[in-house]
1. Any idea which of (1) of a type outside the set (Gly, Ala, Ser); (2) closer than 26 Å to ARG6 by Cα; (3) open to solvent by 60 Å² or more (accessible area, probe 1.4 Å) is the one PHE97 doesn't satisfy?
2. If I ask for residues that are among the basic types (Lys, Arg) and farther than 18 Å from ILE29 by Cα, which ones from region 41-100 would you list?
3. Against the condition among the hydroxyl-bearing types (Ser, Thr, Tyr) and in contact (Cβ under 8 Å) with a residue 40 or more places away in the chain, how does THR3 come out, does it pass?
4. Looking only at region 124-138, which residues are in contact with a helix residue (DSSP H, G or I) (Cβ under 9 Å, 6 or more places away or on another chain) and either open to solvent by less than 40 Å² (accessible area, probe 1.4 Å) or of a type in the set (Phe, Trp, Tyr) (or both)?
5. Identify, by number, the condition in (1) over 16 Å from the mean Cα position of the chain (by Cα); (2) closer than 20 Å to ALA13 by Cα that THR89 doesn't meet.
6. Tell me the helices (runs of 4 or more DSSP H) entirely within region 1-89 that contain at least 3 residues that are at pLDDT 95 or above and open to solvent by less than 50 Å² (accessible area, probe 1.4 Å).
7. Can SER55 be described as out of contact with any strand residue (DSSP E or B) (no Cβ under 8 Å at 6 or more places or on another chain) and in contact (Cβ under 8 Å) with a residue 12 or more places away in the chain?
Amino acid sequence: VFTESRGLSVGVAGSTIAGYWASLTVGRIVFGQLSTRLSTRTVLHIATSIVPVASLLIALNHSTPVSILGTMLLGFGLAPIFPTLMSVTPARVGERFAAQSVGFQVSAAAVGIAGFPSVMSAIARRNGLESVCWFLLLAGAVLAILNERIDARIGSSISHAEKTRGNAELPNRC
């Protein structure tokens, strides 16, 4: 997208993607520290709220600096989501089903890693490279909405588990 659709040099595009990975690392560190003061519900709410905003900054293509900022913000927002979802699995599904659920989460992540690029490629071929950015926005919005719906449905059990067991048994592994 950055080179072929938006005309950025390979160097700038490469630096932007390196910035994404750096911000993902920084996000893991920052959210890891914040998780000692914030509940996992709050961490997930903040992170899943950042993702669609960051995706929108990329999709709107207002300017190169805004797109680069969106890319970095996207890495930062995505950083705590997978590890935090893994850590709250026992509270969400119960201890009895936790191991199987974690296995399913890891398997689903592997399928996503393998399938997502193929889906993105098909969308880009059909609708142009910029459509990938809008699909990313859609995926981020769906993630945020699903998280809020699940949280509304079972979030109180997570908060109760965190209060009664302490964060030691439900760590936020960012």
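1. Status for PHE97: all satisfied but (2).
2. From region 41-100, those among the basic types (Lys, Arg) are 41, 92, 96; that's our starting set.
The answer is ARG92, ARG96.
3. Working: among the hydroxyl-bearing types (Ser, Thr, Tyr): yes; in contact (Cβ under 8 Å) with a residue 40 or more places away in the chain: no.
So THR3 fails the test.
4. ALA124, SER131, VAL132, CYS133, TRP134, PHE135, LEU137
5. Checking THR89 against (1) over 16 Å from the mean Cα position of the chain (by Cα); (2) closer than 20 Å to ALA13 by Cα, the one that fails is (2).
6. Details: elements: 10-34, 40-60, 64-78, 81-87.
Filter on region 1-89 gives 10-34, 40-60, 64-78.
7. Details: out of contact with any strand residue (DSSP E or B) (no Cβ under 8 Å at 6 or more places or on another chain): yes; in contact (Cβ under 8 Å) with a residue 12 or more places away in the chain: yes.
Considered against the rule, which asks whether it is out of contact with any strand residue (DSSP E or B) (no Cβ under 8 Å at 6 or more places or on another chain) and in contact (Cβ under 8 Å) with a residue 12 or more places away in the chain, SER55 comes out as yes.
To keep it simple, each residue is scored yes or no on (1) more than 22 Å from GLY77 (Cβ to Cβ); (2) assigned to a helix (DSSP H, G or I); (3) in contact with a Pro (Cβ under 9 Å, 6 or more places away or on another chain).
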residue	(1), (2), (3)
ALA91	yes, yes, no
GLY103	yes, yes, no
ALA109	no, yes, no
ARG125	yes, yes, no
TRP134	no, yes, no
ALA144	no, yes, yes
GLU148	no, yes, no
ALA152	no, yes, no
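The values are calculated or read from the model by the stated rules, or taken from the named source; none is laboratory data. Everything quoted here is computed from the prediction, not taken from an experiment. As a convention, Cβ positions derive from the backbone with ideal geometry for all residues, glycine included, and neighbour counts pool all protein chains shown. Keep in mind that these areas ignore ligands, DNA and RNA; they rest on the heavy atoms of the full protein, side chains included. Shrake-Rupley method; radii C 1.70, N 1.55, O 1.52, S 1.80 Å.
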